[in-house]
Amino acid sequence: MDSVEIRRRRIELTRGDITTQAVDAIANAANEALRGGGGVDGAIHRAAGPGLLDELRDRYPAGTPTGTAVATAAHRLPSRWVLHAVGPVWRGGGHGEAELLDGAYRSCLRLADELRARTLAFPAISMGIYGYPSDEGARIGVEAVARHLGGEGTSLEVVRFVLFSDETYDHFAVALRETDVSD
Ligand code: AR6
């Protein structure tokens, strides 16, 4: 496992399935409708049980725009909360994708602080079905987390990226090495 420390807080990388993570909050790579889907979203809904979809329908009937996130309980998952983030579909890079992906990560970090979460796990948002290039997407994710942990007043102590494939892991490992984490 690769990791770096920033102001006594930590960014970690691990391979695996995010639905098994016993952290305060896990992020989901959702879509604007917030009604479930494939990929990590499907895995999270299957593991959480039907209560997750019921809560999303009740609390967020209109869904949430790309670049934002909303929080729910985690139902049958081992975490306490799920932060449903909507990353952009990759359309070549000229459609604000980088800002929208950064927004999806930052929205989760802000929600985690509002919930006073100490540990948070992210999947590689937009890097599956949505087609975001992994090198660039990993850099945006790691930089958003590093900036947040380097700032004042966050409740977060550990932010972990849980990567499903070796290839995605390697892109995050490069991004972690290249990100400036000095105070
Ligand atoms: N744990 C961790 N990572 C996973 C898991 C898992 N259990 N399963 C897949 N991944 P994707 P997106 C990885 O496609 O690109 C859905 O239909 C996967 O290998 O899940 O943001 C939603 O409803 C990849 O590296 O999300 C949306 O419609 C990463 O998670 C759409 O897909 C993200 O891949 C969102 O697409």
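What follows draws every value from the coordinates through simple rules; no lab data is involved. Since the structure is predicted, the reported quantities are computational estimates derived from the model, not experimental observations. Cβ atoms come from the backbone with ideal geometry, glycine included; neighbour counts cover every protein chain shown.
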Task: Which listed residue is over 17 Å from the mean Cα position of the chain (by Cα) and more than 25 Å from Ala22 (Cα to Cα), from Gly51, Gly96 - done: Gly96
- [ ] Could you look through the range 141-181, keep only residues that are assigned to a helix (DSSP H, G or I) and β-branched (Val, Ile, Thr), and pick out the one that is nearest to the ligand (Cβ to nearest atom)?
- [x] Thr168
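Looking at Ile44, is it out of contact with any Pro (no Cβ under 8 Å at 6 or more places or on another chain), within 9 Å of the ligand (Cβ to nearest atom) and either in contact (Cβ under 8 Å) with a residue 12 or more places away in the chain or under 30 Å from Arg177 (Cα atoms) (or both)?
yes
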- [ ] Please state which one of Ala71, Ala85, Ala33 is more than 10 Å from the ligand (Cβ to nearest atom) and hydrophobic (A, V, I, L, M, F, W, C).
- [x] Ala71
Task: Residue check, Ala138 of a type outside the set (Phe, Trp, Tyr), out of contact with any His (no Cβ under 7 Å at 6 or more places or on another chain) and within 24 Å of Glu5 (Cβ to Cβ) - done: no
TODO: Quickly run through the range 115-139 and pick out the residues that are surrounded by 23 or more Cβ atoms within 10 Å (Cβ to Cβ) and either in a helix (DSSP H, G or I) or acidic (Asp, Glu) (or both).
DONE: Gly137, Ala138
Task: Residue list for the range 1-30, restricted to those being of a type in the set (A, V, I, L, M, F, W, C) and within 7 Å of the ligand (Cβ to nearest atom) - done: Ile18, Ala29, Ala30
